[in-house]
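Undergrad: Submitted below is the structure of interest, expressed as structure tokens.
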Amino acid sequence: MLDTLATISAEPDQLTRLYLTPEHKRAADLVAEWMRRAGMSVRMDAVAGIHGVLSNGANSPRRLIVGSHIDTVIDAGRYDGALGIVAAILAVEEIRARAITLPFTLEVVAFGDEEGIRFPKTLIGSSTVAGATDESVLDLTDAAGETVRNALLRFGCDPAAVASEAYRRDDVVGYLEVHIEQGPLLESLDEPLGAVTAIAAQSRHRVRITGEAGHAGTVPMALRHDALAGAAEFIAMTEELAYKGERDQLVITTGEVSVKPGAVNVIPGEARLSLDVRAASDAARATAVETIRRRSRQIGSRRGLVIGIETVHEKPVAVCAPKLRAAISNAVGGLTGRKPPELMSGAGHDGLAMAHLTDIGMIFVRCRAGISHNPLEHVTKGDLGCSVEALVREIVEVAKQERT
Ligand code: GLV
Ligand code: MN
Ligand code: MN
């Protein structure tokens, strides 16, 4: 299933599947078909999330949600997101095959936008289910100028129904997700699975540096307002700051740069950068952003540049619920004979948004050399099997908790 999903891409020789694209549609249709075959009834929500519902025969309004995301980064690996969806569908198959009865409805969700690559927003699917989507999101545009609203309409969704997708807190038992670790810890501990303690605080920003375009041959160095040279200093400043914040697990990344007018013999007049800031605590992240703003004003005034920093996404640390961590510990412990290691997630996940609605719990799966957001991402077949079995057992543990 993972290999098949990996073929559904915008490019023939790499995996790139962005939100609300034709390849997203093909992947969503396939996932919906797998859900139906596993005995679930399926619907698509207002923001292209695919929901597969396994009734417990009692039409319980209370539901346990298990899911992950269907979108990928550019030139992605095949496990990030897809593993959580496939594991959830296989867990449903197992639960039916073993005739396990649950005291709640089980709902598998394939969220549409977790990576936040196409639009300047992320977690649109899970935020909508959690009732945390501001409708202004619909007016955001991609690089080609298409709005989220228009892209949703073309996908077959009803953007006017976003607010009505919010789930009621009392109806939700919790949110579980299986995900590759995307880091090296489990491999170094020789453990296939781990329990996540919390997902790091994160924010994303758009930085616009405005200088003055000019002739590369005639404007003396001292009279230039070179936006790209300012951007280089800005990036180096954020990197130095992150090194100093290692204790707070502060990490800062600029992954996108564009320059105008972008010609060999023209001094850059404008640079646009992305900025991604994460830390183990909200305070450490907020202080870092404040420092970046202050230092960028200094860079701007020294170089005669205007540096604007707009925040487009901000989520505090999402702590995994102790009772779901206990359920994971029992589930994995029963499988491996050992208590699973507990680890923090530096990567963002749909749980960041689902934590607004309900308790969250995450199982991490060992990956090769900690490599992710890269086509070399790899998980062994044995570990994939372990992750499905652990998820089945975790659902059974949560059912025991729900009954008591
Ligand atoms: C998603 O993978 C993120 O952490 O940005
Ligand atoms: Mn992911
Ligand atoms: Mn990812």
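The values are calculated or read from the model by the stated rules, or taken from the named source; none is laboratory data. Note that this is a predicted model, so its numbers are computed, not measured. Every residue, glycine among them, receives a Cβ derived from its backbone with ideal geometry; neighbour counts consider all protein chains shown. Remember, those area values only see protein heavy atoms, side chains included, never the ligands or the DNA or RNA. Shrake-Rupley method; radii C 1.70, N 1.55, O 1.52, S 1.80 Å.
Undergrad: Using a Gaussian network model of the chain whose springs link C-alpha atoms within less than 10 Å, name the residue from 216, 161, 110 with the highest mean-square fluctuation.
TA: Sorting by GNM fluctuation, first place goes to 216.
Undergrad: Still on this structure, please answer the following. For the range 25-182, what ratio Rg/Rh do Cα atoms give with a Kirkwood hydrodynamic radius?
TA: My calculation puts Rg/Rh at 0.97.
Undergrad: Please build a GNM for the chain, connecting alpha carbons under 10 Å apart, and tell me which residue among 253, 72, 287 fluctuates the most.
TA: 287
Undergrad: Separate question: Report ³J(HN,Hα) in whole Hz for each residue of the range 268-277, in order, from the Karplus equation J = 6.51 cos²θ - 1.76 cosθ + 1.60 where θ = phi - 60°; Gly and Pro get x.
TA: For the range 268-277, the Karplus-derived couplings read x, x, 8, 10, 10, 10, 9, 9, 10, 10 Hz, x marking Gly and Pro.
Undergrad: Which ³J(HN,Hα) values, rounded to whole Hz and listed in residue order, are derived for the range 135-150 from phi using the Karplus coefficients 6.51, -1.76 and 1.60 in 6.51 cos²θ - 1.76 cosθ + 1.60 with θ = phi - 60°, glycine and proline given as x?
TA: Karplus values, whole Hz, x for Gly and Pro: 5, 5, 4, 5, 8, 5, 10, 8, 4, 8, x, 7, 7, 4, 4, 5.
Undergrad: Hey, can you find the accessible area per residue of the chain for me, probe 1.4 Å, expressed in square angstrom?
TA: Ligands and nucleic acids excluded, the result is 42 Å² per residue.
Undergrad: Another one. When every alpha-carbon pair in the range 189-312 is counted, what percent end up more than 17 Å apart?
TA: 59 percent
Undergrad: Shifting gears a bit: Just flag the GluC sites (Glu not before Pro) in the range 231-298 sitting in loop per DSSP whose Cβ has no more than 15 other Cβ atoms within 10 Å.
TA: Numbers: sites: 233, 239, 240, 246, 256, 270, 290; in loops: 256.
For GluC sites (Glu not before Pro) across the range 231-298 that sit outside H, G, I, E and B with at most 15 neighbouring Cβ atoms in 10 Å, the list reads 256.
Undergrad: Using θ = phi - 60° and the Karplus relation 6.51 cos²θ - 1.76 cosθ + 1.60, list the HN-Hα couplings for the range 65-71 in order, rounded to whole Hz, with x at every Gly or Pro.
TA: Calculated HN-Hα couplings, in order: 9, 10, x, 5, 10, 9, 7 Hz.
Undergrad: Let me ask another. Tell me the mean residue ellipticity at 222 nm calculated for the chain from its helices only (DSSP H runs of n ≥ 4, each -39500 (n - 2.57), averaged over every residue, nearest 500).
TA: On the way: 11 runs with 138 residues, N = 404.
Mean residue ellipticity at 222 nm (helix-derived): -10500 deg cm²/dmol.
Undergrad: Between the alpha-carbon centers of the range 378-403 and the range 15-42, tell me the distance in whole angstrom.
TA: Here the two parts' Cα centres lie 22 Å apart.
Undergrad: Restrict the search to the range 334-404; then list the trypsin sites (Lys or Arg not before Pro) that DSSP places in a loop and that have at most 15 other Cβ atoms within 10 Å of their Cβ. Don't skip to the answer; put the middle values down first.
TA: Working: sites: 338, 366, 368, 381, 393, 400, 403; in loops: 338, 366.
Filter output for the range 334-404: 338.
Undergrad: Another question about this same structure. Of the heavy-atom accessible surface of the range 293-357 (probe 1.4 angstrom), what whole percent is carbon and sulfur?
TA: About 50 percent, which is the carbon plus sulfur part of the accessible surface.
Undergrad: As an exercise, take the mean of 1/r over every pair of distinct alpha carbons in the range 247-404, invert it, and state the Kirkwood radius in angstroms.
TA: That comes to 19.4 Å for the range 247-404.
Undergrad: Let me ask something else. Taking residue 400 as the anchor, which lysines have their alpha carbon closer than 26 Å to its alpha carbon, excluding any fewer than eight residues away along the same chain?
TA: Correct list for residue 400: 323, 339.
Undergrad: Give me the three principal axis extents of the chain from the C-alpha atoms, as integers in angstrom, largest value leading.
TA: 79, 45, 40
Undergrad: Now a separate question. Under a straight-distance cross-link criterion of Cα-Cα below 29 Å, which lysines are reachable from residue 260, leaving out those fewer than 8 residues away in the same chain?
TA: Cross-link targets: 121.
Undergrad: Taking H placed 1.01 Å from N in the peptide plane, check which residues at least 5 places from residue 250 or on another chain put their amide H under 5 Å from its amide H.
TA: 280
Undergrad: If you average 1/r over all unlike Cα pairs in the range 1-105 and invert the result, what Kirkwood radius do you get in angstrom?
TA: On the way: mean 1/r = 0.0694 Å⁻¹.
Answer for the range 1-105: a Kirkwood hydrodynamic radius of 14.4 Å.
Undergrad: Explain nothing, just the number: relative contact order of the chain, from Cα pairs under 8 Å at least 6 residues apart, as a whole percent.
TA: RCO, the chain: 22 percent.
Undergrad: When you count, for each residue, the other Cβ atoms within 10 Å and take the mean per peptide, how do 54-60, 345-351, 12-18 rank with the highest first?
TA: 345-351, 12-18, 54-60
Undergrad: Just the number, please: carbon plus sulfur as a percent of the accessible area of the range 1-107, 1.4 Å probe, no ligands or DNA/RNA counted.
TA: Working: 1960 of 4010 Å².
Within the range 1-107, the accessible surface is 49 percent carbon and sulfur.
Undergrad: Also, quick follow-up: List every residue whose amide H lies under 5 Å from the amide H of residue 360, counting only residues 5 or more places away in sequence or on a different chain, with H placed 1.01 Å from N in the peptide plane.
TA: The answer is 175, 321.
Undergrad: Additional query: State the Cα centre-to-centre distance between the range 242-271 and the range 176-197 in whole Å.
TA: The two parts, judged by their Cα centres, are 31 Å apart.
Undergrad: OK, next. What are the residues whose amide H is under 5 Å from the amide H of residue 182, where those residues sit 5 or more places off or on another chain and H is modelled from the backbone?
TA: 367
Undergrad: Would you please put 139-145, 46-52 in order of how densely packed they are, using the mean number of other Cβ atoms within 10 angstrom per residue and starting with the highest?
TA: 46-52, 139-145
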